[in-house]
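In what follows, a structure is listed as structure tokens, so that the remarks can point back to it.
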Amino acid sequence: MNHPVSESQQRERIRTTIHADADAASALVAGELAALIRRNNDAGRPTVLGLATGSTPVRLYRQLIRLHREEKLSFRNVVTFNLDEYHGLPRTHPESYWRFMHEQLFDHLDIPPANIHIPDGTVPRAEVFAWCGAYEEKIRAAGGLDVQILGIGRTGHIGFNEPGSGRDSRTRLVTLDALTRRDAARDFLGEKNVPRHAITMGVGTILDARRILLLAWGEGKARVLAGAVENPPTDALPASFLQGHPAVEFHLDAAAAGELTRQCHPWLVGTVDWTPAVARRAVVWLSKTVGKPVLKLLEEDYSEHGMADLLTEQGPAYGLNIRIFNELQHTITGWPGGKPDADDTHRPERAFPPQKRVIVFSPEPSDDVLGMGGTLRRLADQGHELTVVYLTSGNLGVPDEEAAMAAELVIELAGTGEETKFARTVRRQLGAKTAFDSDTPEVRRLKGVLRRGEARASLQACGVAPDRARFLDLPFYEQGRYRQFRIGDPDVAAVAALLREVKPHQIFATGHSADPSSVAAVCFEVLRRALAMNVGEDWRADCRVWLYRGPDREWEPAEIEMAVPFSPRELTQKIQAIYHHKSQRSQSPVVAAGLHESWQQAEQHNRAIARRYDQLGLAEYEAIEAFRRYDP
Ligand code: GLP
């Protein structure tokens, strides 16, 4: 396609804009849609929009609703076609895309119901083929799609066009990938409830749109996006077929754009400003690319890999190698809370005070041990005053079977008191629950209690006294559904009050670059706002915030500012601690190929960092947990 690209974007085969955040991107896209709708309204022409579901477009839809309410944007003459729908779900199902679209958008606009088209998940199997042909025909009869809005799945799917979908595919019934079903499991309150099939527009149907806008947020999407934008098109990554379209544009937040070459390896696509951080990233990358430890990198390694100007500025190679090696070396510490009475000039944490007040924020119970179980043990062993704060109850993530078993247990104990009454109520409610129903407050309470028990047991396995745990049960979560959380003042006030009470020297948190609709990202935003309320309080000047990473991805070695190594025995202890989160294990003994249990993922991440440090020529450890500083 013809579009002006800057030098740094030369590898990008799709026009891609990186925005400050998801809200800024959504506002821009809403503006483009509004301008088109207004133009067409003025000319008496309809506007035909292809729409998507998922958490990604929710912000865009909120903007459109705002434009309608506050700026009189009319949708009377807008015709919509949705991309897809689960097969086998009636409209009334809480997870049906029909319901999603009405709740998130249509119910708030003046669009006539007859203008709305969404694939029908209830069409009998034998009639689906004909039904799909008719859907295509309706799009054609409406004049074709003016704009198609897209999100992207972690498999690289658009709509429900999973890997293997052809460029010319049309609207049809498809089978969902194991990863897609796992990603949807939480919304459906269990993987077993996720439909196996869906009806989706085909890749060819999407490519027929005159304009295509794909939105994506969060680091979980970074890898597939880089593939779709920079690699040759392939049916292994259906979004890459968008490259052939004359008017496609991707709008990303910084985390989702994180693996584009201009972001992660800018020296390969032009001149760069060699700040210390960029130089470190480049040298670490070079070491991996040529397969040599840092101290063995040669002048020619640099010049053959687009880094000659780094040498000119900061060389020769030997000196640069030593500088970066030392920087990496200084990230390693067995004293995550600082080493008392030691020279801390080159240590990640301050020596003073020797015993720190430390808060570890865990968005859901288990995030703490998954991300930093080994470090938790160190902090406890080294005498710091630890508070582990579980921000949400995590009750949405507990399978019904677990709650039913717990209720039975109480009933079996044959008490006559309030507990038994409560357990009987839960048992009755679970018995009456259909796949459509959300949990009652009683069931959620019991599920929350289960997670508290697991969190305490897990802390104990990390050597942390269970009474160091605090459970905030933030209201945004208790009142919300997955992907539809909204932060309120009480959420922020609860965290701000806790910070004021503890006055921490050190905070560990996560969720910083996660999908903004995820529990971790919402929790991080609550913390960010709480910290903003505390600016100016005396403890703030003396408080450092460290970020740990969620299960999707680990830090790259060059991003790490504190690396806490641990022994084989400590790794086993960490896995044991994670294992205590029984309700979070897969509910089936048969785990689909390529998918892993959470403790396996954590183990892989921690071993992988250790291996990378070893390959850089640093000491060889069994496992490492890694952190980055955050400046609130
Ligand atoms: C589902 C939808 C896609 C959507 C994807 C990503 O699979 N069929 O259209 O793009 O999920 O979802 P989310 O936006 O919640 O990350």
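The values are calculated or read from the model by the stated rules, or taken from the named source; none is laboratory data. Everything numeric here is computed off the predicted structure, so don't read it as measured data. Glycine also receives a Cβ, built like all others from the backbone with ideal geometry; neighbour counts cover every protein chain displayed.
Taken over segment 315-342, the criterion of being of a type in the set (D, E, K, R) and farther than 22 Å from I507 by Cα is satisfied by R323, E327. Of the residues making up segment 182-221, just one is within 13 Å of the ligand (Cβ to nearest atom) and at positive phi, namely G218. With respect to F106, is the statement that it is aromatic (F, W, Y) and in contact with an Asp or Glu (Cβ under 6 Å, 6 or more places away or on another chain) true? No.
Within segment 66-102, the set of residues being aliphatic (A, V, I, L, M) and in a helix (DSSP H, G or I) comprises L67, M101.
Determine if segment 81-98 includes at least one residue that is within 23 Å of A24 (Cα to Cα), out of contact with any Cys (no Cβ under 9 Å at 6 or more places or on another chain) and within 13 Å of the ligand (Cβ to nearest atom). Within segment 81-98, none of the residues are within 23 Å of A24 (Cα to Cα), out of contact with any Cys (no Cβ under 9 Å at 6 or more places or on another chain) and within 13 Å of the ligand (Cβ to nearest atom).
Go through segment 462-485 and give me each residue that's modelled with pLDDT of 95 or more, buried (at least 19 other Cβ atoms within 10 Å of the Cβ) and hydrophobic (A, V, I, L, M, F, W, C). Within segment 462-485, C462, V464, A469, F471, L472, L474, F476 qualify.
Condition first: away from the ligand (no atom under 16 Å from the Cβ), touching a residue at least 12 places away in the same chain (Cβ under 8 Å) and either assigned to a strand (DSSP E or B) or under 22 Å from the mean Cα position of the chain (by Cα) (or both). Now tell me which residues in segment 473-494 satisfy that. Result: D473, L474, P475, F476, Y477, E478, I487, G488, D491, V492.
Of the set (1) crowded, with 17+ Cβ neighbours inside 10 Å; (2) under 16 Å from A222 (Cα atoms), all apply to N41 but (2). Being within 28 Å of the chain's Cα centre (by Cα) and within 16 Å of the ligand (Cβ to nearest atom) is a description that applies to L51.
Scan segment 27-53 residue by residue and report those that are assigned to a helix (DSSP H, G or I) and among the basic types (K, R). Hits for segment 27-53 are R38, R39.
Within 15 Å of the ligand (Cβ to nearest atom), touching a residue at least 40 places away in the same chain (Cβ under 8 Å), β-branched (V, I, T) and assigned to a loop (DSSP other than H, G, I, E, B): is that true of T56 in this structure? It is true that T56 is within 15 Å of the ligand (Cβ to nearest atom), touching a residue at least 40 places away in the same chain (Cβ under 8 Å), β-branched (V, I, T) and assigned to a loop (DSSP other than H, G, I, E, B). Q63 meets all of the listed conditions (1) within 12 Å of the ligand (Cβ to nearest atom); (2) in a helix (DSSP H, G or I); (3) of a type in the set (S, T, N, Q) but one, namely (1). Here P504 fulfils each of the conditions (1) surrounded by fewer than 22 Cβ atoms within 10 Å (Cβ to Cβ); (2) in a loop (DSSP other than H, G, I, E, B); (3) away from the ligand (no atom under 15 Å from the Cβ); (4) not hydrophobic (A, V, I, L, M, F, W, C) apart from (1). Being of a type in the set (D, E) and assigned to a loop (DSSP other than H, G, I, E, B) is the filter; apply it to segment 119-174 and report the residue that is nearest to the ligand (Cβ to nearest atom). Applying the filter and picking the extreme gives E162. Six or more apart or on different chains, Cβ atoms under 6 Å: show the pairs whose first residue is in segment 497-514 and closer than 27 Å to R553 by Cβ and whose second is part of a helix (DSSP H, G or I) and among the small types (G, A, S). Close Cβ pairs satisfying both conditions: T510/G371; T510/A520; G511/A520; G511/A521; A514/A520; A514/A521.
If we scan segment 488-497, do we find a residue that is among the charged types (D, E, K, R), more than 20 Å from S583 (Cα to Cα), surrounded by 20 or more Cβ atoms within 10 Å (Cβ to Cβ) and out of contact with any His (no Cβ under 9 Å at 6 or more places or on another chain)? So far as segment 488-497 goes, yes, one or more of its residues are among the charged types (D, E, K, R), more than 20 Å from S583 (Cα to Cα), surrounded by 20 or more Cβ atoms within 10 Å (Cβ to Cβ) and out of contact with any His (no Cβ under 9 Å at 6 or more places or on another chain). Scanning for something touching a strand residue (DSSP E or B) at 6+ places or on another chain (Cβ under 9 Å) and more than 30 Å from H512 (Cβ to Cβ), does segment 16-29 turn up at least one residue? The answer is no; no qualifying residue exists.
Residues are listed down the side, and each one gets a yes or a no for (1) surrounded by fewer than 16 Cβ atoms within 10 Å (Cβ to Cβ); (2) under 30 Å from the mean Cα position of the chain (by Cα); (3) at pLDDT 80 or above; (4) among the polar types (S, T, N, Q):
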site	(1), (2), (3), (4)
L391	no, yes, yes, no
E401	yes, yes, yes, no
M405	yes, no, yes, no
A414	yes, no, no, no
T425	yes, no, yes, yes
A432	yes, no, yes, no
V443	no, yes, yes, no
G448	no, yes, yes, no
R451	no, yes, yes, no
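For segment 229-243, the criterion of a residue being out of contact with any Lys or Arg (no Cβ under 6 Å at 6 or more places or on another chain), among the small types (G, A, S), within 16 Å of the ligand (Cβ to nearest atom) and on the phi < 0 side of the Ramachandran plot is satisfied by at least one position. Given (1) over 27 Å from R323 (Cα atoms); (2) in contact with a helix residue (DSSP H, G or I) (Cβ under 6 Å, 6 or more places away or on another chain), identify the lone condition not met by A247. With respect to (1) over 27 Å from R323 (Cα atoms); (2) in contact with a helix residue (DSSP H, G or I) (Cβ under 6 Å, 6 or more places away or on another chain), A247 is out only on (2).
When D515 is tested against (1) crowded, with 17+ Cβ neighbours inside 10 Å; (2) assigned to a helix (DSSP H, G or I); (3) of a type in the set (D, E, K, R), exactly one condition is not met: (2).
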